[in-house]
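The values are calculated or read from the model by the stated rules, or taken from the named source; none is laboratory data. Keep in mind the model is a prediction, meaning the values are calculated, not measured. Heads up, the Cβs are rebuilt from the backbone with ideal geometry, glycines too, and the neighbour counts pull from every protein chain shown. Note: accessible area is taken over every heavy atom of the protein model, side chains too, but ligands, DNA and RNA are not part of it. Shrake-Rupley method; radii C 1.70, N 1.55, O 1.52, S 1.80 Å.
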Amino acid sequence: MLSAPSNAAVLDALAALLGERGLITGSDTEPYCVDWRGLFRGRALAVARPASTTEVAAVVKLCAAHGVPVVPQGGNTGMVGGGVPTETGRELILSLSRMNRIRAVDPVDMSLVAEAGVPLQTAQEAAAVVGCLLPVSIGSEGSAQIGGIISTNAGGNNTVRYGNTRDLVLGLEVVLPDGSVWNGLRRLRKDNTGYCLRQLFAGAEGTLGVITAAVMKLVARPAVLGTAFCALPSAEAALAVFDRFQRRDAAGIQVFEYMSRRSVGLVTELIEGVGRAVETDAGHYLLIELGSINRDGNPSAVLEEVLADGFEAGLVLDAAIAQNEAQRRAIWRLREEHTEAQKRAGASLKNDVSVPVSRIPEFLARATAACEAAMPGIRVAPFGHIGDGNIHFNLVQPETMAPKDFAAESDRLMEIVNDVVVDLGGSFSAEHGIGRLKTHVLVARREAVELDLMRRIKAAIDPAGILNPGRILDH
Ligand SMILES: Cc1cc2nc3c(=O)[nH]c(=O)nc-3n(C[C@H](O)[C@H](O)[C@H](O)COP(=O)(O)OP(=O)(O)OC[C@H]3O[C@@H](n4cnc5c(N)ncnc54)[C@H](O)[C@@H]3O)c2cc1C
């Protein structure tokens with residue numbers, strides 16, 4: 001452990017390197033030391049805010065020389081505590097926020113080069129200026145940063161159409177744990193030159209390197225969108241409707257989101273001004289958005305056709321298709337307010353899980369029954385990205401229970417859900433990662449060979465354990 005004098009020496013050296021704007025110390029570090037949900041709270045030696053790759057490299061090199069652990073932090077919107085320091089007070093937060101330049105946007109290469117601290121929404125807007133789409137869409141896009149979404153391999157609403165963030169990374173610039181810089185900012189669509197290093201850093205949650213810049217793949221921007229909200233009698237029907245849309249126009253599916261009666265009910269009860277969009281009170285709902293890059297395309301007509309067929313077949317109970325942007329926004333708001341509504345309902349446990357798409361109905365039925373048996377009165381409120389098998393199987397405390405008593409049960413409940421997930425060939429972390437929240441689950445649920453491979457990769461790239469120790473793999 002570092003002694004007080006060596007702490008002072010490191011802080012002096014950091015101040016000399018970064019200047020006044022580049023270093024935050026003392027109580028001013030506090031906002032950086034807690035996650036947005038207030039689940040993780042720690043203390044930091046300081047917050048370094050380098051403004052260039054050279055400065056990031058110098059900071060990491062200095063920390064490596066003094067054995068100071070470094071915690072990269074982007075927009076701090078993560079769900080698993082990976083970017084928040086522990087309570088030791090020894091870790092240096094390395095905030096990428098000042099590295100916020102878009103270096104290039106190229107509509108012919110269909111690529112965008114951005115520094116790690118560029119907010120996702122800013123990058124989306126830069127892509128839109130040249131008529132392209134950066135197709136990562138998440139509720140936190142105003143704050144989450146390019147480096148953060150790559151490091152967590154963020155999923156979100158468009159995964160069903162364009163894949164996860166890692167599928168959109170063409171190149172990376174990374175500062176390694178010894179302070180050296182790997183410049184892999186290639187914007188190539190084909191590049192089979194040995195191991196695919198950029199994919200090592202995507203999803204590594206800052207444990208292998210600090211991403212300082214990235215080349216992101218852009219796609220053609222849909223010229224027309226059609227958006228529908230519909231009520232269904234069962235999860236099986238939701239899947240059957242998904243299958244019908246895939247057969248009719250798979251490339252048109254931009255978004256295919258599932259919501260349960262309970263999750264929709266919490267939103268309409270607890271969030272002012274949000275309605276259900278259809279009259280029918282059903283057990284299951286879908287938000288479907290289709291797009292066409294062809295200006296003459298008519299996704300609303302496709303929605304109408306497939307939903308009408310579904311209605312005939314007894315798969316759809318009721319549906320509304322947005323006729324204008326205001327109606328579209330209203331439908332989207334119902335989906336976007338899920339996080340806030342569940343927060344207002346009391347303590348909740350977020351299970352970000354995935355199973356093969358075809359097993360979703362079975363998963364929902366079995367996990368719901370198991371949780372209700374384990375805790376009478378628990379409010380099971382699942383929703384999520386059904387089109388890619390990712391359900392946020394969220395559990396809200398019984399109304400009569402104290403939040404802290406519910407929180408004390410969270411590991412037990414998580415394991416009950418994970419047992420079903422694993423039995424169905426699924427994953428206990430679909431898009432949020434492992435961070436500090438699920439390190440013990442990774443150890444319990446992944447095979448020895450897989451864990452050993454991960455530990456060997458970490459040891460090979462970061463033998464001294466400088467970057468984000470204790471995240472993903474226990475230290
Ligand atoms: C309202 C809301 C909605 C959300 N919706 C979704 C969703 O639909 N899908 C989804 O996947 N997630 C979602 N999230 C979670 C979160 O937004 C994502 O995980 C996001 O990718 C995190 O980005 P960030 O910049 O905030 O990273 P941070 O939270 O700052 O960091 C996350 C991890 O990445 C590491 N890291 C950050 N920057 C770097 C870097 N430059 N180099 C190396 N490591 C780095 C950190 O150390 C940490 O381990 C949501 C969050 C909120 C608050």
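Of the accessible area of the range 231-276, computed with a 1.4 Å probe over protein heavy atoms only, carbon and sulfur atoms account for 43 percent.
Projecting the Cα atoms of T122, A459, M259 onto the charge dipole of the chain (Cβ charges, centred on the Cα centre) puts A459 farthest toward the positive pole. Against the main long axis of the alpha-carbon atoms of the chain, helix 448-461 sits at an angle near 40°. Based on DSSP H runs of at least 4 residues, each adding -39500 (n - 2.57), what is the mean residue ellipticity at 222 nm of the chain after dividing by all its residues, to the nearest 500 deg cm²/dmol? Using -39500 (n - 2.57) per qualifying helix, the result is -10500 deg cm²/dmol. Across the accessible surface of the range 28-121, with the other protein chains kept in place and a 1.4 Å probe, carbon and sulfur atoms take up 50 percent. Think of a 1.4 Å ball rolled over the protein heavy atoms: the range 24-71 then has 43 Å² of accessible area per residue. Sequence-ordered 3J(HN,Hα) estimates for the range 223-240 from the Karplus curve with 6.51, -1.76 and 1.60 and θ = phi - 60° stand at 7, 9, 10, x, 10, 9, 10, 9, 9, 9, x, 7, 5, 4, 5, 4, 5, 5 Hz, glycine and proline given as x. Probing with 1.4 Å while keeping every protein chain in the model, the per residue accessible area of the range 293-358 equals 53 Å². Restricting the calculation to Cα atoms, the range 345-475 yields a radius of gyration followed by a Dmax of 16.2, 51 Å. Highest mean packing first, where packing is the average number of other Cβ atoms within 10 Å per residue, the peptides 184-193, 150-159 line up as 150-159, 184-193.
The number of Lys pairs in the chain with C-alpha atoms less than 16 Å apart, excluding pairs fewer than 8 positions apart on the same chain, is 4.
Once the 1.4 Å probe is applied to the protein heavy atoms, the range 207-261 comes out at 30 Å² accessible per residue.
Report, to one decimal in Å, the Kirkwood hydrodynamic radius for the range 258-408 based on all distinct Cα pairs.
Working: mean 1/r = 0.0593 Å⁻¹.
With all distinct Cα pairs of the range 258-408 included, I get 16.9 Å.
A 1.4 Å probe over all protein chains sorts W36, W182, W332 by accessible area into W36, W182, W332, starting with the largest. Here the Debye sum runs over all C-alpha atoms of the chain as equal scatterers in vacuum, and log10 of I(q)/I(0) at q = 0.07, 0.09, 0.11 Å⁻¹ comes out as -0.38, -0.63, -0.94.
When the accessible area of the range 412-472 is split by element with a 1.4 Å probe, what percent falls to carbon and sulfur? Could you put the intermediate results ahead of the total?
Values: 1570 of 2720 Å².
Taking all protein chains in place, the range 412-472 shows 58 percent carbon and sulfur surface.
Using 0.36 nm per residue, how much length does the chain from R186 to M454 gain when fully extended, once their Cα-Cα distance is taken away? Walk me through the intermediate numbers first.
Working: separation 268, 0.36 × 268 = 96.48 nm, distance 2.58 nm.
Stretched fully, the R186-M454 segment lengthens by 93.9 nm.
Electrostatic bookkeeping for H284 treats Lys and Arg as +1 and Asp and Glu as -1; over the other residues with beta carbon under 13 Å from its beta carbon, the sum is -1. To the nearest 10 degrees, how steeply does helix 120-129 sit against the main Cα axis of the chain, on a 0 to 90 scale? That works out to roughly 70 degrees. Mean sequence separation of contacting Cα pairs (under 8 Å, at least six apart), scaled by the length of the range 206-337, corresponds to a relative contact order of 40 percent.
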